[in-house]
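Asker: Handing you this structure, nothing more for now.
Bear in mind these aren't lab numbers, they're just calculated from the coordinates by the rules spelled out. Note that the structure is predicted; figures quoted are calculated from it, not measured. Quick reminder, even Gly has a Cβ in these numbers, built from the backbone with ideal geometry, and neighbours come from all protein chains shown.
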Amino acid sequence: MDPNTKIYPIILVLLILFLMPAMANAGIIYVDASKADDNGDGLSWPTAKKYLQSALALATSGDEIWVAQGTYYPDEGAGQTDNDRNSTFQLKVGVSIYGGFVGGETSRDQRDWENNQTILSGDLDQSSTINGSDAYHVVIGANNAVLDGFVVTGGNANGNSPNNVGGGMLNSSSSPMVTNCNFSQNSAQIYGGGMSNDFSSPTVTNCTFAQNFVQDPFGGGGGMSNSSSSPTVTNCEFSGNSASFGGGMYNYNSSSSTVTNCTFSQNSASLGGGM
């Protein structure tokens, strides 16, 4: 008998045993802001969690989080402190978060993220204005994480480093996939009102960066700033963003951005209105 015929079944069994934990742990966690409370187990739409933070606390690598339309604040949910400016939606490695659901869908293809707006808001005091009470970063990225189908707004990174960059989203040594998202009306003190990438290579596709700004007269990247980073940006729109350098996008510290089929319009800066 060929000795390989004995080895192959053993290898197959070992491979199955290796994959089983990942397969067993992968699942969908449901979130719906319209729920009366956060007591659901999150395992179905009828028993959805009320707060996204509570779902993130439950999620492990390989999980998906499906989020129904509505507004979600990072200081609400499991382990959060009300009005804490350090609160943020910290993405998790290998966890994919999808917005744009009504509730009741059985497939991601059924969602409509454009009409069913799912908003991640740093406007902690819910004043509808950017002020000193807003979260420093609405979202912080993670490697191999997915953020898809959200409006990210109301971040104000006006604190001390690192809370002075990336009002909408901060990626620091992390490279998530960001798709179908709208970053609007976020601000930062020095870099990246909408998104700041530092030693990161996120993939950003079909996103809009609008009316984000940087406050410092020597700051840059109203829409997006890239420091020692290599983001891949495709089919995105940058409009109405402002900064002293690179109103739409600012690349510095040897950054190399790949920008394909993107539109830059009505951005303003002393140097490089668009980029």
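Asker: Please give the length that would be gained between Arg108 and Asn261 if that part of the chain were fully extended, namely 0.36 nm times their separation in residues minus their C-alpha to C-alpha distance (nm, one decimal).
Answerer: Result for the pair: 52.5 nm of gain on full extension.
Asker: I've got another one for you. Hey, what do the phi angles of the range 70-83 turn into as Karplus ³J(HN,Hα) couplings, whole Hz, using 6.51/-1.76/1.60 and θ = phi - 60°, x for Gly and Pro?
Answerer: x, 10, 10, 10, x, 8, 10, x, 4, x, 9, 10, 4, 6
Asker: Turning to a different aspect of this structure: For the range 147-275, just list the percent of Cα-Cα distances falling in each 5 Å bin from zero outward, please.
Answerer: 3, 14, 25, 29, 21, 6, 1, 0
Asker: Each label point is 7 Å from the Cα along the Cα-to-Cβ direction; what then is the distance between the points at Ser34 and Thr47, in nm?
Answerer: Result for the modelled spin labels: 2.1 nm.
Asker: Let me ask something additional. As I understand it, the value is the acute angle between the Cα axis of helix 4-25 and the longest principal axis of the Cα atoms of the chain; what does it come to in degrees, rounded to 10?
Answerer: Helix 4-25 sits at roughly 50 degrees to that axis.
Asker: With an 8 Å cut-off on Cα pairs and a minimum separation of 6 or more residues, tell me the relative contact order of the chain in percent.
Answerer: Reported relative contact order: 10 percent.
Asker: With the calculation restricted to Cα positions, what are the radius of gyration and Dmax of the range 27-265 in angstrom?
Answerer: When restricted to Cα atoms, the range 27-265 yields Rg and Dmax of 16.5, 50 Å.
Asker: Excluding same-chain pairs closer than 8 in sequence, count the lysine pairs in the chain whose Cα atoms lie under 20 Å apart.
Answerer: The result is 4.
Asker: Karplus couplings for the range 129-146 from phi (6.51 cos²θ - 1.76 cosθ + 1.60, θ = phi - 60°), rounded to Hz, Gly and Pro as x?
Answerer: 10, 6, 8, x, 9, 7, 4, 5, 9, 5, 10, 10, x, 8, 4, 6, 9, 10
Asker: Under a point spin-label approximation (7 Å from Cα along Cα-to-Cβ), what is the Phe199-Leu271 distance to one decimal in nm?
Answerer: My value for the distance between the label points is 2.6 nm.
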